[in-house]
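The values are calculated or read from the model by the stated rules, or taken from the named source; none is laboratory data. Treat the numbers as computed from the prediction; the structure is a model and nothing was measured. Here the Cβ is made from the backbone with ideal geometry for all residues, glycine too, and neighbour counts use every protein chain on show. Accessible surface is based on the protein model in full, side chains and every heavy atom, while ligands, DNA and RNA are left aside. Shrake-Rupley method; radii C 1.70, N 1.55, O 1.52, S 1.80 Å.
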Amino acid sequence: MSEVKNLDDYVVNEYETGVIVKDVKDFDPVHIFDCGQCFRWIGEEDGSYTGVAMGKVINVKRDGKDIVIDNTNLKDFKNIWFEYFDLGRDYSLLKKEFVKFDENLKNAVDFGWGIRLLQQDGWEMIISFIISSNNRIPMIQRAINNICQRYGKCIGEYRGKKYYSFPDPKELSVATVEELRDCKTGFRDKYIYSTTKDIVENNININDFLEMDSETCHKELMKFKGVGAKVADCIALFGMRKYNSFPVDVWVKRVMQEFYNAKEMSLPKMRKYGMDLFGDDAGFAQQYLFYYVRELEIGK
DNA sequence: GACCAGGACGGCT
DNA sequence: AGCCGTCCTGGT
């Protein structure tokens with residue numbers, strides 16, 4: 001069994017409006033879209049999820065062992081969605097290691113067995129996670145929606161609803177602080193304004209962050225207004241492929257206190273402790289643990 | 001109306 | 001370097 005999966009390892013059948021990917025392991029839309037890594041995926045009545053990513057609107061559901069992606073085609077699956085859904089990674093192997101690691105991680109993996117880390121757009125993660133600071137998920141989703149409707153492009157209709165792309169830095173740079181406040185971003189309005197301006201005026205290339213090592217990336221991200229240690233870790237993990245990142249939010253703090261003997265530890269120490277404990281795969285461990293304790297409200 | 005949830009910042013030591 | 005008051009919004 002190989003460690004990395006290739007495009008040809010999957011059987012993909014195209015139908016009129018989408019594709020069916022046969023026999024996909026370790027993939028559950030509920031776990032993926034509800035584990036805190038993304039904000040633009042909405043659950044539909046039929047249990048499927050519709051969302052906007054990479055400037056396209058698609059609908060995703062699990063049908064037994066298969067994954068059905070609607071409103072797309074084989075070409076986009078190969079060029080975009082294979083990577084976006086991290087289908088090149090063997091999560092079974094990863095999970096096997098975690099199950100052996102300890103009882104906590106085993107329970108977390110058993111619970112969130114279908115989690116995958118989406119390979120999302122770095123710029124979108126920067127703005128999204130600035131908005132996430134000291135904020136709750138429904139509010140974050142609403143603010144991002146407002147921003148997309150006002151500054152993004154209409155990319156079409158799906159099931160009778162219009163969808164908008166996430167604005168690029170240039171598109172968002174026309175927004176004033178007051179307009180951003182109107183989008184319900186709260187006190188983060190000035191951070192979004194400043195960071196967008198910073199990126200546009202200094203010609204910062206977001207792709208450069210992908211090339212950096214993890215520590216440099218984290219340090220550079222923290223130079224943006226509104227980006228502290230936790231937000232930088234989320235951007236690095238979800239948007240910059242820095243898989244040893246260990247974002248410590250209130251829930252992860254509770255896990256570390258409850259399960260990992262870190263009762264009196266400060267947040268910076270906890271971050272380093274998590275990275276040392278879980279090593280190169282700290283980001284994956286963080287996701288399983290986060291989803292597990294948040295859903296079960298452990299340590300609250 | 002008081003209180004709570006949720007991180008970054010800036011001023012203080 | 002570390003601690004703490006403040007920031008906005010919506011829900012209880």
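Looking only at residues that are without any contact (Cβ under 8 Å) to a residue 24 or more places away in the chain and open to solvent by less than 50 Å² (accessible area, probe 1.4 Å) in segment A:248-265, which one is farthest from residue A:294 (Cα to Cα)?
To start, the set of residues in segment A:248-265 that are without any contact (Cβ under 8 Å) to a residue 24 or more places away in the chain comprises A:250, A:253, A:256, A:261-265.
Subsequent filtering for residues that are open to solvent by less than 50 Å² (accessible area, probe 1.4 Å) retains A:256, A:262.
Working: A:256: 13, A:262: 18 Å.
Applying the filter and picking the extreme gives A:262.
Considering only residues that are surrounded by 14 or more Cβ atoms within 10 Å (Cβ to Cβ), under 20 Å from the mean Cα position of the chain (by Cα) and assigned to a loop (DSSP other than H, G, I, E, B), which ones fall in segment A:205-226?
Matches in segment A:205-226: A:206, A:212, A:222, A:224, A:226.
Being over 20 Å from residue A:31 (Cβ atoms), open to solvent by 20 Å² or more (accessible area, probe 1.4 Å) and more than 16 Å from DNA strand C (Cβ to nearest atom) is the filter here, so list the residues in segment A:111-151 that pass it.
A:121, A:124, A:151
Assuming residue A:248 fulfils every condition listed in (1) touching a Cys at 6+ places or on another chain (Cβ under 6 Å); (2) in a loop (DSSP other than H, G, I, E, B); (3) hydrophobic (A, V, I, L, M, F, W, C) apart from one, which condition is it?
Result: residue A:248 passes all but (1).
Quick one: is residue A:202 over 18 Å from residue A:131 (Cα atoms), open to solvent by 80 Å² or more (accessible area, probe 1.4 Å) and either within 16 Å of DNA strand C (Cβ to nearest atom) or in contact with a helix residue (DSSP H, G or I) (Cβ under 9 Å, 6 or more places away or on another chain) (or both)?
no
Would you confirm, using the coordinates I've provided, whether residue A:194 is more than 12 Å from DNA strand B (Cβ to nearest atom) and either surrounded by 12 or more Cβ atoms within 10 Å (Cβ to Cβ) or closer than 21 Å to residue A:135 by Cβ (or both)?
No, not satisfied.
Residue by residue, here is whether (1) within 18 Å of residue A:50 (Cβ to Cβ); (2) away from DNA strand B (no atom under 16 Å from the Cβ); (3) out of contact with any His (no Cβ under 7 Å at 6 or more places or on another chain); (4) hydrophobic (A, V, I, L, M, F, W, C) holds:
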| residue | (1), (2), (3), (4) |
| --- | --- |
| A:124 | yes, yes, yes, no |
| A:130 | no, no, yes, yes |
| A:136 | no, no, yes, no |
| A:152 | yes, yes, yes, no |
| A:157 | yes, yes, yes, no |
| A:160 | yes, yes, yes, no |
| A:169 | no, yes, yes, no |
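So which residues in segment A:25-37 are of a type in the set (A, V, I, L, M, F, W, C), crowded, with 19+ Cβ neighbours inside 10 Å and touching a residue at least 40 places away in the same chain (Cβ under 8 Å), if there are any at all? I'd like the intermediate steps shown before the answer.
Taking segment A:25-37 and keeping what is of a type in the set (A, V, I, L, M, F, W, C), we get A:27, A:30, A:32-33, A:35.
Still in the running and crowded, with 19+ Cβ neighbours inside 10 Å: A:27, A:32-33, A:35.
Passing the criteria: A:27, A:32, A:35.
Got a sec? Which of A:256, A:265, A:212 is in contact with a helix residue (DSSP H, G or I) (Cβ under 6 Å, 6 or more places away or on another chain) and more than 10 Å from DNA strand B (Cβ to nearest atom)?
A:256
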